[in-house]
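Student: Questions regarding the structure given below will be posed in turn.
The values are calculated or read from the model by the stated rules, or taken from the named source; none is laboratory data. As the structure is a computational prediction, the values presented were derived from the model and not from experiment. Backbone-built Cβ (ideal geometry, glycine too); neighbour counts: all protein chains shown.
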Amino acid sequence: MTQFAKRVQAIDISGIRKMFEGAGPDAINMGLGQPDFDTPENIKAAAVAALAAGKTGYTNNAGIDELREAVAAKLSRENNVPCEAKNVIITAGGSGALNIAIQSLIEDGEKVVFNDPGFVSYGALTTLAGGMPCPVRLGSDLHLDVEALKEQFSDPKTKVFVLNNPANPTGMVESPETVRAVVESAADSGVTVISDEVYEKFCYGDAKFVSAAVFGDNVITINATSKTYAMTGWRIGFLAASEEIIHEVVKVQQYTLACPTSIAQYAALAAYTGPQDSVAAMKAEYEERRDLLIAGLSAMGIPVNRPDGAFYAFPQIPADTVQKIVDAGVIITPGTAFGSAGAGYARMSYATSQENIKEALARMAKVVR
Ligand code: PLP
């Protein structure tokens, strides 16, 4: 029998996938964190043009210069994070960026702090890097518990805090004051913040997004084309940080990936430098869907905090009811797939049509009644 590495055996396949296994063929899928929109035409055209022009070879390990420049310009202009191309590495999606960051920073036994419930990759990537995942419960309002985080930062074993704002699975957006407080407390304790900003563009109503790097130079910024431009399958993201950090993470990328896909990088260049109206249109549609879903859940008497960002709602639904809802043909994810503090909750993705949301609510109403 093959003996596998303990750090691989210590992690499991994400609980999100498991929910699909029992669902029927006409089930409505509210389980996936994937936009249901197609990639905008100008972006697809740029990939076709790159292909036709024979841009099919390896690129620099850190990505093509034009894209690194475009990302640096975006961060400087939109995010108030002064940045040059040398501060940017193009990665295989947000996932690739998270991986090379954690691999580069974490020594055996060092702690990575993140919110619980939180995105499934943070703990698994930490374990794969030999580190110790340290989930910290969100407050009862599903926002960060700054005092609990500070306590963890003061542990000398804590090396990294992963901030995810807007957050998966809760859809919460942290205020600029909270972001500042966590970045500054992390800095005081010598903790590096990895700021996962993949849902940056999806903040609704009065919710204001702010990049964590505005508040300190102990921040590594991660983002991706995946959610913003409906490009999950293209696998392009980026990491922005000091030159010193880029120098190290490039080594990990060089030996694990060589470079992100060449033609997808040209597509991403069109995404960041081309018209942004498709992003605004997707955001407007998500916001309508959110309102529809939250109104429907509330009408059923299901307690839910109104999410201001991403495309998830995180209502309070006990595990046995989650199973009944899945059996009734609506795939949702139990909150425990995102950490033990998710018990009693479920994640519902509204990256699906309003028609589907209405039908899902009708099916759920029968179960809840
Ligand atoms: N970070 C968060 C919070 C996510 O929800 C996801 C995907 O669901 C990712 C990162 C990974 O993004 P990508 O598809 O670009 O690897």
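Student: Please indicate, with yes or no, whether at least one residue in region 240-255 is among the aromatic types (F, W, Y) and within 20 Å of the chain's Cα centre (by Cα).
Tutor: No, that holds for no residue.
Student: Examine region 247-261 for a residue that is part of a helix (DSSP H, G or I) and hydroxyl-bearing (S, T, Y), and state whether such a residue exists. Steps first, please.
Tutor: Residues of region 247-261 that are part of a helix (DSSP H, G or I), as a first pass: 247-256.
Within this subset, residues satisfying the condition of being hydroxyl-bearing (S, T, Y) are 255-256.
Yes, there is a match, as at least one residue in region 247-261 is part of a helix (DSSP H, G or I) and hydroxyl-bearing (S, T, Y).
Student: Here's another thing I want to ask about it. Go through region 130-152 and count every residue that is over 25 Å from P303 (Cα atoms) and touching a residue at least 40 places away in the same chain (Cβ under 8 Å).
Tutor: So the count comes out to 2.
Student: Under the condition of being polar (S, T, N, Q) and over 13 Å from the mean Cα position of the chain (by Cα), which residue from region 109-133 is farthest from the ligand (Cβ to nearest atom)?
Tutor: Among those residues, the one meeting the criterion is T127.
Student: Within region 77-108, which residues are more than 19 Å from V193 (Cα to Cα) and either more than 16 Å from the ligand (Cβ to nearest atom) or not assigned by TED's automatic domain parsing to the domain that holds A264 (or both)?
Tutor: R77, E78, E84, A85, K86
Student: State yes or no: is P166 free of Cβ contacts under 8 Å to residues at least 24 places away in the same chain and either part of a loop (DSSP other than H, G, I, E, B) or crowded, with 24+ Cβ neighbours inside 10 Å (or both)?
Tutor: No; evaluated as a whole, the condition is false for this residue.
Student: Output the residues belonging to region 226-265 that are within 11 Å of the ligand (Cβ to nearest atom) and without any contact (Cβ under 8 Å) to a residue 60 or more places away in the chain.
Tutor: If the condition is that a residue be within 11 Å of the ligand (Cβ to nearest atom) and without any contact (Cβ under 8 Å) to a residue 60 or more places away in the chain, then T228, G233 are the ones that fit.
Student: Identify the single condition in (1) more than 16 Å from the ligand (Cβ to nearest atom); (2) in a loop (DSSP other than H, G, I, E, B); (3) under 22 Å from D196 (Cα atoms) that R68 does not satisfy, given that it satisfies every other one.
Tutor: The single condition R68 does not satisfy is (2).
Student: Which one of these is more than 16 Å from the ligand (Cβ to nearest atom), within 23 Å of Y199 (Cβ to Cβ) and touching a strand residue (DSSP E or B) at 6+ places or on another chain (Cβ under 8 Å): A360, A268?
Tutor: That would be A360, the only listed residue that is more than 16 Å from the ligand (Cβ to nearest atom), within 23 Å of Y199 (Cβ to Cβ) and touching a strand residue (DSSP E or B) at 6+ places or on another chain (Cβ under 8 Å).
Student: Do the conditions hold for R289, that is, is it charged (D, E, K, R) and surrounded by fewer than 22 Cβ atoms within 10 Å (Cβ to Cβ)?
Tutor: Spelling it out, R289 is indeed charged (D, E, K, R) and surrounded by fewer than 22 Cβ atoms within 10 Å (Cβ to Cβ).
Student: Now, a different point. Name every residue in region 346-358 that is over 19 Å from the mean Cα position of the chain (by Cα) and either buried (at least 23 other Cβ atoms within 10 Å of the Cβ) or part of a helix (DSSP H, G or I) (or both), in order of residue number.
Tutor: Q354, E355, N356, I357, K358
Student: Somewhere in region 171-192, is a residue within 9 Å of the ligand (Cβ to nearest atom), hydrophobic (A, V, I, L, M, F, W, C) and assigned to a loop (DSSP other than H, G, I, E, B)?
Tutor: Initial filter on region 171-192 (within 9 Å of the ligand (Cβ to nearest atom)): none.
For region 171-192, residues within 9 Å of the ligand (Cβ to nearest atom), hydrophobic (A, V, I, L, M, F, W, C) and assigned to a loop (DSSP other than H, G, I, E, B): absent.
Student: Oh, and also: Quick one: which of K74, K55, K18 is modelled with pLDDT under 95, surrounded by 14 or more Cβ atoms within 10 Å (Cβ to Cβ) and either under 21 Å from the mean Cα position of the chain (by Cα) or in a loop (DSSP other than H, G, I, E, B) (or both)?
Tutor: Selected residue: K18, the only one of K74, K55, K18 that is modelled with pLDDT under 95, surrounded by 14 or more Cβ atoms within 10 Å (Cβ to Cβ) and either under 21 Å from the mean Cα position of the chain (by Cα) or in a loop (DSSP other than H, G, I, E, B) (or both).
Student: For region 30-52, enumerate the residues that are outside any loop (DSSP other than H, G, I, E, B) and either touching a Lys or Arg at 6+ places or on another chain (Cβ under 8 Å) or modelled with pLDDT under 95 (or both).
Tutor: Residues satisfying the conditions do not exist here.
Residues are listed down the side, and each one gets a yes or a no for (1) buried (at least 18 other Cβ atoms within 10 Å of the Cβ); (2) touching a strand residue (DSSP E or B) at 6+ places or on another chain (Cβ under 8 Å):
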position: A101; (1), (2): yes, yes
position: S104; (1), (2): yes, no
position: E110; (1), (2): yes, yes
position: G118; (1), (2): yes, yes
position: G130; (1), (2): no, no
position: P135; (1), (2): yes, yes
position: D141; (1), (2): no, no
